[in-house]
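A.B. asks: Dropping the structure in here first, questions after.
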Amino acid sequence: MPYEIEKKIEEELLPGISLKGKIDRIDSSDNAYRILDYKTGTVNIGAEIIKKGKELQLPLYAAMLKSRGMNLEKAGIYSLKDIDIKWIPTKRDKFTLDEYISSTLKFLKETILEINKGNFNASPVDEFHCSSCLEAPFCPYIHSKGEIQHERLS
């Protein structure tokens, strides 16, 4: 059963780091909750993708709700293109939702520490998406590979 839709949320998950967002849908049954996010495209989510920092939204939302004392069972993305839900954790998953959350918070913390040191080297999670990114004109990774050429203005 839907418990809440389009829930705005803001939490400080790490000291000095506040995150905010809007959870598309929260379902409830037997004092356990599920997060559901809607996407228009195809969805790919799982442990390896999260470890690489590609899909952090669901585990971060889960962490935000858990910090408020909610008992979360799982989190999923509903693909409007595929008409399918991809859940974390899956029934056959070797990771728990808490492990997904821990991995995501670790990635976030390490990334913030590197940024604070001045190290923010671009490294693509997926080469295909890298070449079509809106930030391509400014990306040091793409420029180092020579994929974008600039002409000198006369």
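What follows draws every value from the coordinates through simple rules; no lab data is involved. Computed from a predicted model, the values in this text were never measured in an experiment. Note: ideal-geometry Cβ built from the backbone for every residue, glycine included; neighbour counts use all protein chains shown.
A.B. asks: Using per-residue counts of other Cβ atoms within 10 Å, averaged over each peptide, order 36-48, 52-64 from highest down.
C.D. replies: Values: 36-48: 14.7, 52-64: 20.5.
Ranking the peptides 36-48, 52-64 by packing returns 52-64, 36-48.
A.B. asks: Continuing with this model, one more query. Tell me, what is the FRET efficiency for Arg68 and Ala47 to the nearest 0.05, using R0 = 22 angstrom and their Cβ-Cβ distance as r?
C.D. replies: Details: r = 25 Å, r/R0 = 1.13.
Using R0 = 22 Å, I get an efficiency of 0.30.
A.B. asks: Here's a follow-up. When the Karplus curve 6.51 cos²θ - 1.76 cosθ + 1.60 is applied with θ = phi - 60°, which whole-Hz ³J(HN,Hα) does each residue of segment 91-98 get, with x for Gly and Pro?
C.D. replies: 4, 9, 5, 8, 10, 8, 4, 4
A.B. asks: Let me ask something else about it. Sort the following peptides by mean Cβ neighbour count (other Cβ atoms within 10 Å, averaged over residues), highest first: 107-117, 91-101.
C.D. replies: Values: 107-117: 12.5, 91-101: 15.0.
Final packing ranking: 91-101, 107-117.
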